[in-house]
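Below is one structure, written out as structure tokens; the observations come after it.
The values are calculated or read from the model by the stated rules, or taken from the named source; none is laboratory data. Remember, it's a predicted structure, so these values are computed and weren't measured experimentally. Using ideal geometry, Cβ is built from the backbone for each residue, glycine included, and neighbour counts are taken over all protein chains shown.
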Amino acid sequence: MKTIFFFLAAVIVSFSISSCKCENKVAPVQKTDISEFIGQWTIDIQGGSVGWLEVRQADKYLDGDILWGGGSVLPVSNIFLAKDHVLTVTRSNSVVRQFDDNKNPVKTQVVTSWLEIVKNGDKIDGLLLNPKSTGTGVDTTTFTGTKLPVPPPAPDMAALKFGTPVTLLNGKDLTGWKLINEKQKNGFSVVDGILSNNPVQTEGAPHVSYGNLRTEQVFEDFNLKLEVNVPLGSNSGVYLRGMYEIQVVDSYKKELDPHNMGAVYSRIKPVVAAEKPAGEWQSMDITLCQRHITVILNGVKIIDNQPVYGPTGGAMISDVFSAGPIYLQGDHGTVQYRNLILTPIVK
């Protein structure tokens with residue numbers, strides 16, 4: 001643990017030294033008030049993944065939510081500011097330690113990991129500490145964060161001006177697309193105008209890691225129209241700017257949930273269920289403008305010009321003002337796409 005605090009102390013000292021204007025003056029000791037942490041932060045995680053943290057002042061205590069790489073936005077277990085101006089954020093997970101002969105859990109523990117964060121100018125630096133499963137020591141991951149301004153007011157959709165439509169699929173091959181991680185296997189192919197993903201796993205063979213597919217072009221705000229066919233029980237996703245996932249999943253007749261078809265994954269729940277049964281072609285009409293998202297699924301508006309406050313799980317970009325690609329999840333399940341047409345919004 002001493003090593004961790006030495007790291008944090010070094011970050012603070014480094015900032016204090018860099019803030020000095022090379023004069024023979026002693027740099028002031030940095031003091032951090034909790035108000036400097038309040039708000040939302042996008043996070044760049046060591047290794048290239050993206051996270052998000054919200055710290056908010058509740059009644060006599062701090063509260064917050066966190067996204068770490070993949071998965072959903074989840075509530076934190078606890079947040080507090082230590083005397084040495086280190087913000088500590090804890091999160092807990094239940095871990096099954098032992099199973100019986102029928103693979104039923106017989107021993108479960110709650111494992112807590114924690115983030116230690118210091119303020120560094122207008123950014124944050126920190127460490128995620130995960131206890132090792134052996135019980136001896138911790139694994140550490142470094143990260144940096146940038147304060148995220150609240151989204152602007154909702155744009156006037158009727159006043160938007162659009163440019164020239166871009167056909168994202170040529171109907172013949174994957175020209176204009178590439179894997180995000182070229183070391184993974186490509187399960188995508190194009191036949192008769194249909195882009196299919198078939199991440200086949202062979203029973204008894206080692207697991208094959210399939211990759212996500214992205215456009216070579218990047219885009220700012222736009223309208224995206226497409227058709228998608230998702231088989232029974234399957235799962236994919238369409239990422240806007242490489243940052244916001246519009247969920248593609250077989251959720252026919254399920255209760256409304258921010259993980260259902262057409263949702264902004266774990267962030268914005270559809271107001272009405274409009275998905276079709278698995279195996280049928282479905283239409284999506286998606287508009288991203290000024291950090292607001294509208295989704296029309298099968299002709300029904302299920303998300304109406306709603307603000308999105310940060311990236312979703314699996315985002316490849318943390319900068320909400322940066323242009324980014326369209327990317328399609330290829331590591332989940334079988335899915336088909338066709339007629340992907342993107343029309344840029346002209347500023």
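List the pairs whose first member sits in segment 254-266 and is in the same structural domain as GLY51 (by TED's automatic domain parsing) and assigned to a loop (DSSP other than H, G, I, E, B), whose second member is of a type in the set (Gly, Ala, Ser) and modelled with pLDDT under 95, and whose Cβ atoms are under 9 Å apart, counting only residues at least 6 apart or on separate chains?
none
Identify, please: which residue in segment 139-149 is over 13 Å from THR42 (Cβ atoms) and in contact (Cβ under 8 Å) with a residue 24 or more places away in the chain and is, among those, farthest from the chain's Cα centre (by Cα)?
Filtering segment 139-149 for residues that are over 13 Å from THR42 (Cβ atoms) and in contact (Cβ under 8 Å) with a residue 24 or more places away in the chain, the one farthest from the chain's Cα centre (by Cα) comes out as THR140.
Assess whether VAL208 counts as being among the β-branched types (Val, Ile, Thr), assigned to a loop (DSSP other than H, G, I, E, B) and outside the structural domain of THR42 (by TED's automatic domain parsing).
Details: among the β-branched types (Val, Ile, Thr): yes; assigned to a loop (DSSP other than H, G, I, E, B): yes; outside the structural domain of THR42 (by TED's automatic domain parsing): yes.
In short, yes.
Return the residue satisfying two criteria in turn: it lies in segment 176-223 and is among the β-branched types (Val, Ile, Thr) and within 24 Å of GLN282 (Cα to Cα), and of such residues it is surrounded by the fewest Cβ atoms within 10 Å (Cβ to Cβ).
VAL200
Just one of LYS31, LYS25 is within 24 Å of LEU148 (Cβ to Cβ), at pLDDT below 90 and charged (D, E, K, R); which is it?
Selected residue: LYS31, the only one of LYS31, LYS25 that is within 24 Å of LEU148 (Cβ to Cβ), at pLDDT below 90 and charged (D, E, K, R).
Tell me whether segment 1-13 contains one or more residues that are at pLDDT 95 or above, of a type in the set (A, V, I, L, M, F, W, C) and either under 15 Å from TRP114 (Cα atoms) or surrounded by fewer than 18 Cβ atoms within 10 Å (Cβ to Cβ) (or both).
For segment 1-13, residues at pLDDT 95 or above, of a type in the set (A, V, I, L, M, F, W, C) and either under 15 Å from TRP114 (Cα atoms) or surrounded by fewer than 18 Cβ atoms within 10 Å (Cβ to Cβ) (or both): absent.
For segment 216-230, does any single residue satisfy the condition of being in contact with a strand residue (DSSP E or B) (Cβ under 9 Å, 6 or more places away or on another chain), within 21 Å of GLY71 (Cβ to Cβ) and polar (S, T, N, Q)? Working first, answer last.
Residues of segment 216-230 that are in contact with a strand residue (DSSP E or B) (Cβ under 9 Å, 6 or more places away or on another chain), as a first pass: 216-230.
Those still in the list that are within 21 Å of GLY71 (Cβ to Cβ) too: 230.
Those still in the list that are polar (S, T, N, Q) too: none.
No, segment 216-230 has no match at all.
Only one of GLY187, GLY176, GLY204, GLY242 is within 25 Å of THR42 (Cβ to Cβ) and either of a type in the set (Gly, Ala, Ser) or at pLDDT below 95 (or both); which?
Numbers: GLY187 fails: within 25 Å of THR42 (Cβ to Cβ); GLY176 fails: within 25 Å of THR42 (Cβ to Cβ); GLY204 fails: within 25 Å of THR42 (Cβ to Cβ).
Residue meeting the stated conditions: GLY242.
What pairs can you find where one residue is in segment 268-288 and within 13 Å of GLY233 (Cα to Cα), the other is surrounded by fewer than 21 Cβ atoms within 10 Å (Cβ to Cβ) and among the aliphatic types (A, V, I, L, M), and their Cβ atoms are less than 9 Å apart, with a gap of 6+ or different chains?
PRO277/LEU232; ALA278/LEU232; GLY279/LEU232
Residue-by-condition table, conditions (1) of a type in the set (S, T, N, Q); (2) on the phi < 0 side of the Ramachandran plot; (3) outside any strand (DSSP E or B):
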| site | (1), (2), (3) |
| --- | --- |
| LEU128 | no, yes, no |
| GLY135 | no, no, yes |
| THR141 | yes, yes, no |
| THR146 | yes, yes, no |
| ALA154 | no, yes, yes |
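Just to be sure before I move on: is ASP192 in the same structural domain as MET316 (by TED's automatic domain parsing) and in contact with a strand residue (DSSP E or B) (Cβ under 7 Å, 6 or more places away or on another chain) in the structure I sent?
no
Here is a yes/no grid of residues against (1) within 21 Å of the chain's Cα centre (by Cα); (2) acidic (Asp, Glu); (3) more than 22 Å from MET157 (Cβ to Cβ):
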{"position": "ILE286", "(1), (2), (3)": "yes, no, no"}
{"position": "ARG291", "(1), (2), (3)": "yes, no, no"}
{"position": "ILE303", "(1), (2), (3)": "yes, no, no"}
{"position": "GLY324", "(1), (2), (3)": "yes, no, no"}
{"position": "GLN329", "(1), (2), (3)": "yes, no, yes"}
{"position": "HIS332", "(1), (2), (3)": "yes, no, yes"}
{"position": "GLN336", "(1), (2), (3)": "no, no, yes"}
{"position": "LEU340", "(1), (2), (3)": "no, no, no"}
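Since SER322 meets every condition but one in (1) modelled with pLDDT of 95 or more; (2) in contact with a strand residue (DSSP E or B) (Cβ under 9 Å, 6 or more places away or on another chain), which condition does it not meet?
Answer for SER322: the failing condition is (2).
Which one of LYS132, LYS123, LYS119 is closer than 18 Å to LEU81 by Cβ, assigned by TED's automatic domain parsing to the domain that holds TRP68, surrounded by fewer than 18 Cβ atoms within 10 Å (Cβ to Cβ) and among the charged types (D, E, K, R)?
LYS123
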